[in-house]
Each structure stands twice: as C-alpha cells, then as structure tokens.
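Here's the structure we're looking at; comments come further down.
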Amino acid sequence: MEKTKGQQLQEELTFKFPHIAKEAPYQREEAEMFCEGYKRFLDNGKTERECVREAVAMLEMQGYRPFEAGRSYKTGDKVYYVNRGKAIIATTFGKAGMEQGLRINGAHIDSPRLDLKPNPVFEKNDLAYFKTHYYGGIKKYQWGTVPLAIHGVIIKKNGEVVELNIGEKEGDPVFCVTDLLPHLAGEQNDRKLRDGLKGEELNVLISSIPFIDEAELKEPVKLLALKLLNDRYGITEADFFRAEIELVPAQKACDVGLDHSLIGAYGQDDRVCAYTALMAEIDANMPEYTTVTVLADKEEVGSEGNTGLDSDFVLHYIQDLAAMAQVDVRMVLRNSICLSSDVNAAYDPTFGQAYEDRNSCFLNKGCVLTKYTGVRGKSGSNDASAELMAKMIAMMEQEGIYWQIGELGAVDQGGGGTIAKYVAHMNVDVVDLGVPILSMHSPFELSSKLDVYNTYKAFRAFYK
Ligand code: MN
Ligand code: MN
C-alpha cells in the first residue's frame, strides 16, 4: 500500500533509535563472543590495582612496552605507563604529527565498595568483625547479607608487600554484613531508606570461634581471627595501618535472563568501558592519530588523589609525548579529542518516574552518547559542544555503530559527574560515551551484551 503524505513526512522528519536485536540480530553472536573476555576481565579485576595488573598482562602480551620519556617512537609503536599501580595509560603511536592532536579515551577502574578502616578488627559478644568505611556512592542497605571477598594490599614494616585475596577461590570462605530479621525490624523499618543500614552498621563478620587458652584472654575470637590471618599472610593487627583493603562482592560475572542477553556482575561501572577501551587500544594498528587510553582511579570519589583524573599525571604524560615530538603541548591538547568513557543509567521501567524517557538510554539500543552530566542545572558537568557531538555522531553513523542519546535521569532527580570535566580543564574537546547500566552502583549491576559490543566498536572506530 502506498504511504500517505503524513506517513512519508513522519518517516522523513521524526527519529527513533532502533533496537539492535531487531535490526541487526546477527550481532548477538558476535556480542556473545566478545563478552566472554569481558566477564573474565571482571572476575580478574575487582579492584583498581587488579585491573591495572590485568591490563598490563594483556598489553604486554600484545607487544606493549613500558613508556620511556625521552626516547623516540615511530608509527605503530605501542607503550604503556603505570601510575602507582592504580592507574594506567596505553598508547599506539599514530601516522599524523603529534601537533595534530591525540585521540584520548578515558575510563575508570575504581568501583563503589566497602573499604576497611585503618584499625578494623574488633570483637563483640564473641563475634569478630571488620569496621568499614564505604567508598563511592552506595545504597548502604544493598550491601547487607551479600557474600563479600577481601581484596587488598598490606605493606609490612619491613617493606614486604602482601596481597590479600580471600573469598574468590573455590573453597575460600566469604564474609558479610548482617541485617536484622524482619520479625525484629519494627524500628528499623521506620528508618529512611538511606539509613536502612547505617554507615557504622556496615560491620563485616569475619569469625566466631575463640582462641582456647588456659588463661582468661580478652577478646579471644578476635585473637583467633588475627592468628588465622597471621598464619596465612604473616601479618599482625598493626599491619592494617599500612594497608588498602577492599570488601567487594564475591560473586563472579554471569549471564542474566532466559535469553542470556545481559551480564550481571559487580564493578561494571566502569570496568565495562575500561575493558572495551583496552580492547580497542590493543586493536589499534597504525592509527591516524596517536592514541592515549587512560584507565583511572578515584572517579567514584570525585577523581581526587594523584591516581585520579584531577591529578596532572595524564597532562604530564602528554607533555612527555609532545616533548618527544618537539611540539608545543598546548597545540597537542587544543587539537585532541577525548571520549570520557563511562556508564549511564539505563531506563528502568520499574522506576520510570526517576527518568525522562525521551532522553534516557535503554538496554539493547547501543552505546550512549551523553552530552552533559551534572546536577541542579548541569553543575559539575562538561557540556560537550554541538560541533563535537556532530563529529562523534558522524563517526558512529559512518561505521554502522548502534548508539543512542542519554541524560542521567530526569531534571533535578539527582545527577552525577564523570572524568569529562577534568579532561576539559586541559583544553581538550571531550564528550561522555559509554554503556547503559541497570542497578548501577549495586553489588550486582546489569549491562546488555549488545551494548557492550557496540561500545567496543565505537572505541575502535575512534582509534581508526
Ligand atoms: Mn562511572
Ligand atoms: Mn559510578
């Protein structure tokens, strides 16, 4: 039947982002294969340090070597630079001169979690616990009754570095924060949701058997717990002062849904962009522009600290690249483009009122280009220019990449930030691109395999 004028006009003038599985069903198998590696990356990297180690192993295997400032590199050379074991930069040297700018892709590898306090071990009523201080934005009540694993590092008095990892291997014990039974939660149920579990109630149960001795010991359960840690790691209570120890969900990444279309795992914000960025970096082969893939720490607490993007470590790296090519770093920065690669909140039909559906991203519609983030009138946002949006959209259309537009929730519902504004501070054009996530910042976040795959394709196109 012939289309009416109205139908024709509708086709020409209106726009809707397609569902990938409807328009390109063949991508499901490709996405499936790609995401097997992603799930392994999630299981092997549950802390920023572990992600860096995993990244170094992947890069070394592909011929990347540690970056040496002052050396000269040629097109196609591949290098990496590690910042204090918690952030990493990888580069493939491009064909164009350095003065024509870089292609920068920045993601973060820290995720919300429970950190141990510096003096964490205590005993109460014959049970031993760790005191924690949560890291990043969490809904505290979600972290009760979830099996947790201990990951971290201790620097002993003699300088020896001890890596802790309990709760990941078959047969390992796990740990958890307890919660009150519903029968006795009358008072707790009247609390505001944000206080469902309070900060000082995030105590992690670590053991329950006392050390048996002829003498009457003070805190014998704590003593046996410390002895077991000493047997395994040679550490004492004083060693916790020289440590960074994180409690993270013990569960491994898995498929979610009868159709296996989704991935459920801890830490997908933002290891999903870290992994896809890293894979695109590794794939870069004689790129037009020199690539700078940054996996940063501390994004979840505002990119603070010398391993976060508010630090100048990326700028210093770029200064080294510019010096090597004998060009003015300011020109390099001015001509560079950066993807601030981070997740966005996928529309959740159960909580539809928190979103504005015309400007939300949806599962299975591809990577999400986020013009701005921020709170209360875009505060704390980089607001990407129309010119840069045009450039990135053209790139994705040309490469047949499924992408969509997205805002972080409805106006004044809340909001958030990414590394974008810190990159913009260097006078680099930057825009947010990433993966839609359901249940973001929970112990079990969801992503769509098709979206993960298309994000990887977008990053690859960016480094062409
Ligand atoms: Mn993030
Ligand atoms: Mn986050």
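The values are calculated or read from the model by the stated rules, or taken from the named source; none is laboratory data. Every value quoted in this text rests on a predicted model; they were computed, and no experiment measured them. Quick reminder, even Gly has a Cβ in these numbers, built from the backbone with ideal geometry, and neighbours come from all protein chains shown. With ligands, DNA and RNA removed, areas are computed over all heavy atoms of the protein, side chains included. Shrake-Rupley method; radii C 1.70, N 1.55, O 1.52, S 1.80 Å.
Of the residues making up the range 324-365, those that are of a type in the set (Val, Ile, Thr) and out of contact with any Asp or Glu (no Cβ under 8 Å at 6 or more places or on another chain) are VAL329, THR350.
Just one residue in the set LEU205, LEU258, LEU217, LEU229 is over 19 Å from the mean Cα position of the chain (by Cα), surrounded by fewer than 17 Cβ atoms within 10 Å (Cβ to Cβ) and within 19 Å of THR132 (Cα to Cα); that residue is LEU205.
Whether any residue in the range 416-431 is in a strand (DSSP E or B) and surrounded by fewer than 21 Cβ atoms within 10 Å (Cβ to Cβ) is what I want to check. Yes. If you go through the range 321-336 and keep only what is of a type in the set (Val, Ile, Thr) and either touching a Ser or Thr at 6+ places or on another chain (Cβ under 6 Å) or open to solvent by 10 Å² or more (accessible area, probe 1.4 Å) (or both), you end up with VAL327, VAL329.
For the range 306-337, a residue qualifies if it is more than 16 Å from ligand 1 (Cβ to nearest atom), small (Gly, Ala, Ser) and closer than 28 Å to SER111 by Cα, and the qualifying residues are SER311, SER336. Among the residues of the range 19-27, not a single one is under 30 Å from GLN319 (Cβ atoms), modelled with pLDDT of 95 or more, not in a helix (DSSP H, G or I) and not small (Gly, Ala, Ser).
ASN382 - would you say it is surrounded by 14 or more Cβ atoms within 10 Å (Cβ to Cβ), within 24 Å of the chain's Cα centre (by Cα) and either within 16 Å of ligand 1 (Cβ to nearest atom) or closer than 20 Å to HIS108 by Cα (or both)?
Here the answer is yes, as ASN382 does meet what is asked.
Screening TYR289 against (1) within 16 Å of ligand 1 (Cβ to nearest atom); (2) of a type outside the set (Val, Ile, Thr); (3) more than 21 Å from the chain's Cα centre (by Cα) leaves a single unmet condition, (1).
Taking the range 338-354 as the search range and keeping residues that are of a type in the set (Gly, Ala, Ser) and buried (at least 24 other Cβ atoms within 10 Å of the Cβ), which one is farthest from ligand 1 (Cβ to nearest atom)? It comes out as ALA346. Out of curiosity, is GLU281 assigned to a helix (DSSP H, G or I), within 16 Å of ligand 1 (Cβ to nearest atom) and charged (D, E, K, R)? So GLU281 fails the test.
Looking only at the range 361-384, residues that are modelled with pLDDT of 95 or more and out of contact with any Gly (no Cβ under 6 Å at 6 or more places or on another chain) come to 7 in all. Tell me, which residue of the range 10-40 that is aromatic (Phe, Trp, Tyr) and open to solvent by 80 Å² or more (accessible area, probe 1.4 Å) is farthest from the chain's Cα centre (by Cα)? Filtering first and then ranking leaves PHE15.
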